[in-house]
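S.K.: So that we are looking at the same thing, I have put the structure below in structure tokens.
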Amino acid sequence: MSQIRVAVCGIGAMGSLMVQLLARKPAARVVGAIDHDPCKAGLDLGEVAGVGRLMGVPVRSSCAEALAGLECDVVLLATTAFAAEAVPQIMTILEYRLPVVCIVQELFFPIGDNVARAETLHRAAVRAGVGVTAGGVNPGFAMDLIPVVASLPCWHIDRVVVRRHVDFSPYGPDEMRHIGAGLSEDEFRRGAAAGTIGHIGLLESAAMLSSCLGLDVDELIQEKEPVVSDRARSTPFIAVPPGRVSGFRQRVVGYSQGTERLELQMLAVLDPRPDEGIELGDSTRILGVPDIDLTIRREISQRGGLATAAVAVNTIPMLLDQPPGLHTLPELRLPRIWSGREDPPPVPRIRTLG
């Protein structure tokens, strides 16, 4: 396949970044676009996504309009974090026998009620003869893939601690609602108790780590606390006045027969300033033989939107190599950047000096 033809479903903040990245890859061509916002229907995708015209690709309001008769190899889905909302959307795409790469956090490593949804989706994908997968930067990289890869030189592991301090400013309106931006403290706590507020995917990352690292976690406990701003904060998508929620602290602890084996800590902030003393970045500590300490500073935690879009786009070739069905990250070959080249890479010349 010399050029991969891609349709993008959901042309919001994340979908637009995906389009921008795909436009930079000669081996990819965007051929379709879907968004349910009536204000975008009929507009040129390039204009909506901020990259100029893309050969006249119009944004359609439904899969039927966009995908029927379309010569396409894969669909990128960037509409929701929740499996209950995403599965019907993916099932509709599967009717056109097209593979799907999505950024649905709850499908990254399905647990709880989402196991049944994932099984339904897997069967539908097998019937359609195509693959489906979900990923992003978190879950999908910072707090799960990095610890898994870092465990390679270990003889055994006693405990894993992962901390992430991240700037959520680049994310769009949907993610602002998920994290409770602009709510009162009481509203945040009610939403957190209902499961609609807070970062989606931390439990899934913990479950993947336990499975991949052999931690035998049999209980996961999650806590969420609001961060209330003492000043006005603004992002491209929201303005938060003083006294309202501008972030959160979230923690998941995993126990095996009462012994703590795993701890994931996340601090999310909006519009951070250097004088606030928040050091953005990701750290992984594996306690075992040998111990591992690994830190990734600032950039990914500052530009999480770009990283999320990149993970989805870079996953396309890996998914297309898989058999039909729903695939989690551990089932894919080792993730890496998709160079996007149409021509083969050069054969290096070897020289020996001395």
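S.K.: Would you confirm, using the coordinates I've provided, whether Thr315 is of a type in the set (Val, Ile, Thr), under 21 Å from Arg249 (Cβ atoms), touching a residue at least 40 places away in the same chain (Cβ under 8 Å) and touching a Ser or Thr at 6+ places or on another chain (Cβ under 9 Å)?
M.R.: No.
S.K.: Any chance segment 295-305 includes a residue that's farther than 30 Å from Ile93 by Cβ and of a type in the set (Asp, Glu)?
M.R.: Taking every residue of segment 295-305 in turn, at least one turns out to be farther than 30 Å from Ile93 by Cβ and of a type in the set (Asp, Glu).
For (1) part of a strand (DSSP E or B); (2) touching a residue at least 40 places away in the same chain (Cβ under 8 Å); (3) closer than 20 Å to Val148 by Cα, each residue gets a yes or a no:
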residue: Arg261; (1), (2), (3): yes, yes, yes
residue: Ala268; (1), (2), (3): yes, yes, no
residue: Gly288; (1), (2), (3): yes, yes, yes
residue: Asp293; (1), (2), (3): yes, no, yes
residue: Leu306; (1), (2), (3): no, yes, no
residue: Gln322; (1), (2), (3): no, yes, no
residue: Pro344; (1), (2), (3): no, no, no
residue: Arg349; (1), (2), (3): no, no, no
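S.K.: Those residues that are β-branched (Val, Ile, Thr) and surrounded by fewer than 18 Cβ atoms within 10 Å (Cβ to Cβ), I need them from segment 282-327; list them, please.
M.R.: If the condition is that a residue be β-branched (Val, Ile, Thr) and surrounded by fewer than 18 Cβ atoms within 10 Å (Cβ to Cβ), then Val289, Ile292, Thr295, Ile296 are the ones that fit.
S.K.: A further question follows. Tell me the residue from Thr120, Thr133, Thr196 that is in a helix (DSSP H, G or I) and either farther than 30 Å from Arg273 by Cα or of a type in the set (Val, Ile, Thr) (or both), please.
M.R.: Answer to the check: Thr120.
S.K.: Name the residue, out of Thr308, Thr315, that is out of contact with any Cys (no Cβ under 7 Å at 6 or more places or on another chain), at pLDDT 95 or above and closer than 17 Å to Met18 by Cα.
M.R.: Thr315
S.K.: Got a sec? Which of Leu262, Leu270 is among the aliphatic types (A, V, I, L, M), modelled with pLDDT under 95 and more than 12 Å from Arg164 (Cβ to Cβ)?
M.R.: Selected residue: Leu270, the only one of Leu262, Leu270 that is among the aliphatic types (A, V, I, L, M), modelled with pLDDT under 95 and more than 12 Å from Arg164 (Cβ to Cβ).
S.K.: What are the residues in segment 205-228 that are touching a strand residue (DSSP E or B) at 6+ places or on another chain (Cβ under 9 Å), touching a residue at least 40 places away in the same chain (Cβ under 8 Å) and either among the polar types (S, T, N, Q) or part of a helix (DSSP H, G or I) (or both), if any?
M.R.: Once the filter is applied, which keeps residues that are touching a strand residue (DSSP E or B) at 6+ places or on another chain (Cβ under 9 Å), touching a residue at least 40 places away in the same chain (Cβ under 8 Å) and either among the polar types (S, T, N, Q) or part of a helix (DSSP H, G or I) (or both), segment 205-228 yields Ser205, Ala206, Ala207, Leu209, Ser210, Leu213.
S.K.: How many of the residues in segment 102-120 are crowded, with 24+ Cβ neighbours inside 10 Å and not acidic (Asp, Glu)?
M.R.: Counting residues in segment 102-120 that are crowded, with 24+ Cβ neighbours inside 10 Å and not acidic (Asp, Glu) gives 7.
S.K.: Same structure again: Looking at segment 236-245, is at least one residue closer than 14 Å to Leu270 by Cα, among the hydrophobic types (A, V, I, L, M, F, W, C) and surrounded by fewer than 15 Cβ atoms within 10 Å (Cβ to Cβ)?
M.R.: Yes: segment 236-245 contains one or more residues that are closer than 14 Å to Leu270 by Cα, among the hydrophobic types (A, V, I, L, M, F, W, C) and surrounded by fewer than 15 Cβ atoms within 10 Å (Cβ to Cβ).
S.K.: Okay, next question. Taking into account only those residues within segment 142-167 that are in a loop (DSSP other than H, G, I, E, B) and touching a helix residue (DSSP H, G or I) at 6+ places or on another chain (Cβ under 6 Å), which is surrounded by the fewest Cβ atoms within 10 Å (Cβ to Cβ)?
M.R.: Among residues in segment 142-167 that are in a loop (DSSP other than H, G, I, E, B) and touching a helix residue (DSSP H, G or I) at 6+ places or on another chain (Cβ under 6 Å), the one surrounded by the fewest Cβ atoms within 10 Å (Cβ to Cβ) is Ser151.
S.K.: Okay, moving on. Can you pull out the residues in segment 78-98 that are under 14 Å from Leu326 (Cα atoms) and in a loop (DSSP other than H, G, I, E, B)?
M.R.: Arg97, Leu98
S.K.: Name the single residue that is nearest to the chain's Cα centre (by Cα) among those in segment 179-193 being in a helix (DSSP H, G or I) and surrounded by 21 or more Cβ atoms within 10 Å (Cβ to Cβ).
M.R.: So the residue we want is Ile179.
S.K.: While we're looking at this one, here's another question. Output the number of the condition that Ala83 fails; it satisfies all remaining conditions of (1) at pLDDT 95 or above; (2) of a type outside the set (Asp, Glu); (3) surrounded by fewer than 23 Cβ atoms within 10 Å (Cβ to Cβ).
M.R.: Of (1) at pLDDT 95 or above; (2) of a type outside the set (Asp, Glu); (3) surrounded by fewer than 23 Cβ atoms within 10 Å (Cβ to Cβ), only one is false for Ala83: (3).
The values are calculated or read from the model by the stated rules, or taken from the named source; none is laboratory data. The structure presented is a predicted model; accordingly, all values stated were derived computationally and were not measured. Positions of Cβ are generated from backbone atoms using ideal geometry, with glycine treated the same way; all protein chains shown enter the neighbour counts.
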